[in-house]
Amino acid sequence: MSVPHPIPFDSLREQLASGEITCERITDEYLTIIEQKKHLNAFRSVFTDEARERSRLIDKKIATGTSGPLAGMVIAIKDVICMESSPTTCGSKILEHFVSPYNATVIKKLADADAIIIGKTNMDEFAMGSSTENSAYGVVLNPVDETRVPGGSSGGSAVAVAANCSRTALGTDTGGSVRQPAAFCGVVGLKPTYGRVSRYGLVAFASSFDQIGPFGQSVRDIAHVLQVIAGHDRHDSTSANVPVPDYLEHLTGDVRGLRIGLPKEYFADELNEEIRNAIHGKVEILKQRGAIVKEVSLPHTEYTVATYYILTTAEASSNLARYDGARFGYRSPNAKDLTTMYVHSRSEGFGAEVKRRIMLGTYVLSAGYYDAYYRKAQQVRRLIKQDFDNAFREVDCLITPTSPTTAFKIGEKVDDPLTMYLSDIYTVSANLAGVPCISIPCGTDLQGLPIGMQVFGRQFGEETILRIADSIEKG
Ligand code: GLN
C-alpha cells in the first residue's frame, strides 16, 4: 500500500486540491498501518470512526475551497493532552477511566485548522521516564529495532511517526521527552520556547518546564504544525504574548553568516565516537554553506541533571497531589475512611517511578531540606540560564548531541534510575533555560541505530533553528 508520508505536505495539499487524493483515503491508509503495527503498542486509543467522519467533512471543505491550513495533516496526540469526551490516561492506572471534560488549546487549534486527529499515544506514566517502559499500559517498541526502547517519555508519539502510523504527532518535553525519542526513532522533534505553545489542557508534570512540541519526518512538517499551535492563549498565563513568525518562510536553506556554537562540555572525551563524528560531519556541511562555527562554554553543565531532578520532582510532588481518589480517576476499593482512601488509591494507582519522584520532591520541599536542595537548585537554574544568555551573545545557535547513546535495549536501564536519569544529560538544559531546541536525525551508528543532533536557539527564535535543521536535512 502506498503511504502518503514521503510526499511533502505542500504537494499533498496540491493533490488534495486537484482531487487526485482525498483526506478519507489518506486517513484510511494510516488506519491500516496502525492496525498492522499494533504490536509496537504506540497507541492508547485510535479514533477510527471519528477520524473517518472528520476526513469526509474536510474533503467537502476542500471541494468548496474553505479548508484550513492543516487539511490533509494526520496527527497523533500524546495521552497527556486533554481531548473532550476522550480518555486521557497519562500512561497511568490512576487515570484509567478518566474522560476529559474539555479540549486542550492545542487540540482546538488543530481541529480549527482541519487536522485529523487519529489517536492518543502511549507514554511513560505522567511523562516521567526516558524509555516508555514506565507506562501502566506496557512497553512501546522501537520500530527500527523492536528489541530496543523508543526513548521517552513521548515514545508512542515518536513511534507513530517513525512507523508511518501518522504523519505528525504531538508530544511533551519537560526534560527531553520530545527530542530524545525523536533521536532514538530517527525522526524530527521540537521543544518550543517555554511559553510559545499553550499548556492549557496539558496535564502538568513540572509546570515551569513542560512544553508541547511536534514530531515529524521532516522539518517542514514540524513548521506546519508549530505554525498552528503556537501563540498566546488567555487560558494559560504562562503562554507568551509574542508574535508568531511565518515559519515556512524562514526555511530558505540559507545559513550564510549564521554563527554556530559547539559547547565544549557537550563534546567531552567520554562522548561516543560515532555520535561525535556524525555531528561533526553535519557541522562541516554547515560550514561549507557559509555558517561560522566556534567553540563556546556552558560552564554549569555538570549541574544540569541534578538541578533538573530536584526542581521537577518538587513541582511534580505538588502537581500530583490532586490524584487523591476523590476527584480524579482511580479510587481504591480497599478504602475504609478518608486517610485510607488517599493512601490506598495513591499506592495502588501510581507506578514505581512516579512514587519515587513524589517522594524525592516531597523531601526536597520539606522544611529541613528546602534551603539545601530546592532553593539552591533554583539559584543554579538561574546560573544555567545565564550560561545560555552569555553563549547567545556570541553565537546564534548551539549544536550538541541529543543523547549520549543510541536506543538502548528494553530492560537495560529500567532497574537503575540513576543511569536512566543521566541519559538526559544533553536535553534537560533547554528546559531549565526555557530555550527552544530541535532534534534532527544525523545518520546511524554501526548497528544501524539512528543518531540525533540538537540545535538550540534563543528564546522565541524557533525560526532560526528550523532553518538550520532544514538545511541539514537537505543533506
Ligand atoms: N526523561 C526526563 C524525565 O524522566 C524527561 C521527561 C520529559 O521530558 N517529560 O524526567
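The values are calculated or read from the model by the stated rules, or taken from the named source; none is laboratory data. As the structure is a computational prediction, the values presented were derived from the model and not from experiment. Cβ sites come from the backbone with ideal geometry, for glycine too, and all protein chains shown count toward neighbours. Remember, those area values only see protein heavy atoms, side chains included, never the ligands or the DNA or RNA. Shrake-Rupley method; radii C 1.70, N 1.55, O 1.52, S 1.80 Å.
Considering ALA162, ALA182, ALA158, the condition of being closer than 24 Å to HIS39 by Cβ and more than 12 Å from the chain's Cα centre (by Cα) is satisfied by ALA162 alone. Within segment 434-446, does at least one residue satisfy the condition of being assigned to a helix (DSSP H, G or I), away from the ligand (no atom under 12 Å from the Cβ) and open to solvent by less than 50 Å² (accessible area, probe 1.4 Å)? The answer is no; no qualifying residue exists.
Considering segment 131-155, the residues that are open to solvent by 10 Å² or more (accessible area, probe 1.4 Å) and among the small types (Gly, Ala, Ser) include one that is farthest from the ligand (Cβ to nearest atom), namely GLY138. Here TYR323, TYR330, TYR342 are screened, and the one residue that is free of Cβ contacts under 8 Å to residues at least 24 places away in the same chain and touching a Gly at 6+ places or on another chain (Cβ under 8 Å) is TYR342. Among the residues making up segment 110-122, those that are in contact (Cβ under 8 Å) with a residue 60 or more places away in the chain and part of a loop (DSSP other than H, G, I, E, B) are ALA113, ALA115, ASN122. Taking segment 447-475 as the range and being within 20 Å of HIS250 (Cα to Cα) and either among the basic types (Lys, Arg) or part of a loop (DSSP other than H, G, I, E, B) (or both) as the test, the residues that pass are ARG458, GLN459, PHE460, GLY461, ARG467, LYS474, GLY475. Of all residues in segment 282-335, those that are within 27 Å of the chain's Cα centre (by Cα) and part of a loop (DSSP other than H, G, I, E, B) total 8. Scanning segment 175-201 for residues that are hydroxyl-bearing (Ser, Thr, Tyr) and within 16 Å of the ligand (Cβ to nearest atom) returns SER177, THR193, TYR194. Exactly one residue among ALA158, ALA113, ALA163, ALA104 is aliphatic (A, V, I, L, M), open to solvent by less than 20 Å² (accessible area, probe 1.4 Å) and within 13 Å of the ligand (Cβ to nearest atom), and that residue is ALA158.
Here's the yes/no breakdown for (1) surrounded by fewer than 18 Cβ atoms within 10 Å (Cβ to Cβ); (2) not hydroxyl-bearing (Ser, Thr, Tyr):
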| residue | (1), (2) |
| --- | --- |
| GLY213 | no, yes |
| GLN217 | no, yes |
| ARG220 | no, yes |
| ILE229 | no, yes |
| SER239 | no, no |
| GLY253 | yes, yes |
| PHE267 | yes, yes |
| ALA278 | no, yes |
| SER297 | yes, no |
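A Cβ distance below 9 Å, combined with a sequence gap of six or more or placement on separate chains, defines the contacts here; from segment 399-412, residues that are under 11 Å from LEU271 (Cα atoms) reach residues that are modelled with pLDDT under 95 and among the polar types (S, T, N, Q) in the pairs PRO401/ASN272; SER403/SER423; PRO404/ASN272; PRO404/SER423; THR405/ASN272; THR405/SER423. If you go through segment 94-109 and keep only what is without any contact (Cβ under 8 Å) to a residue 40 or more places away in the chain and within 22 Å of the chain's Cα centre (by Cα), you end up with just LYS108. When segment 447-470 is limited to residues that are in contact with a Gly (Cβ under 7 Å, 6 or more places away or on another chain) and within 24 Å of ALA240 (Cα to Cα), the one that is farthest from the ligand (Cβ to nearest atom) turns out to be THR464.
The conditions of being closer than 24 Å to HIS235 by Cβ and within 11 Å of the ligand (Cβ to nearest atom) are met by THR172. For segment 416-439, the criterion of being closer than 18 Å to THR147 by Cβ, modelled with pLDDT of 95 or more and not basic (Lys, Arg) is satisfied by no residue at all. Reported count of residues in segment 72-101, each being open to solvent by 20 Å² or more (accessible area, probe 1.4 Å) and of a type in the set (A, V, I, L, M), is 2. When the residues of segment 353-391 are filtered to those that are within 27 Å of ARG322 (Cβ to Cβ) and in contact with a Pro (Cβ under 9 Å, 6 or more places away or on another chain), which remaining residue is nearest to the ligand (Cβ to nearest atom)? Restricting to residues being within 27 Å of ARG322 (Cβ to Cβ) and in contact with a Pro (Cβ under 9 Å, 6 or more places away or on another chain), the top hit is GLU353. Does segment 134-165 hold any residues that are β-branched (Val, Ile, Thr) and more than 16 Å from ILE77 (Cβ to Cβ), and which are they? Within segment 134-165, VAL139, VAL144, THR147, VAL149 meet the criteria. Kindly establish whether LEU422 is of a type in the set (A, V, I, L, M) and touching a residue at least 24 places away in the same chain (Cβ under 8 Å). So LEU422 passes the test. The residue that is farthest from TYR421 (Cα to Cα), among those in segment 313-351 that are aromatic (Phe, Trp, Tyr) and surrounded by 20 or more Cβ atoms within 10 Å (Cβ to Cβ), is TYR330. If you filter segment 263-312 down to residues that are basic (Lys, Arg) and out of contact with any Lys or Arg (no Cβ under 8 Å at 6 or more places or on another chain), you find that the one that is farthest from the ligand (Cβ to nearest atom) is LYS287. Look through segment 47-71, keep the residues that are touching a residue at least 12 places away in the same chain (Cβ under 8 Å) and outside any helix (DSSP H, G or I), and return whichever of them is most open to solvent (accessible area, probe 1.4 Å). Filtering segment 47-71 for residues that are touching a residue at least 12 places away in the same chain (Cβ under 8 Å) and outside any helix (DSSP H, G or I), the one most open to solvent (accessible area, probe 1.4 Å) comes out as PRO69. Within segment 80-93, residues that are acidic (Asp, Glu) reach partners that are open to solvent by 10 Å² or more (accessible area, probe 1.4 Å) with beta carbons closer than 6 Å, at six or more positions or on different chains, in the pairs GLU84/TYR102; GLU84/ASN103.
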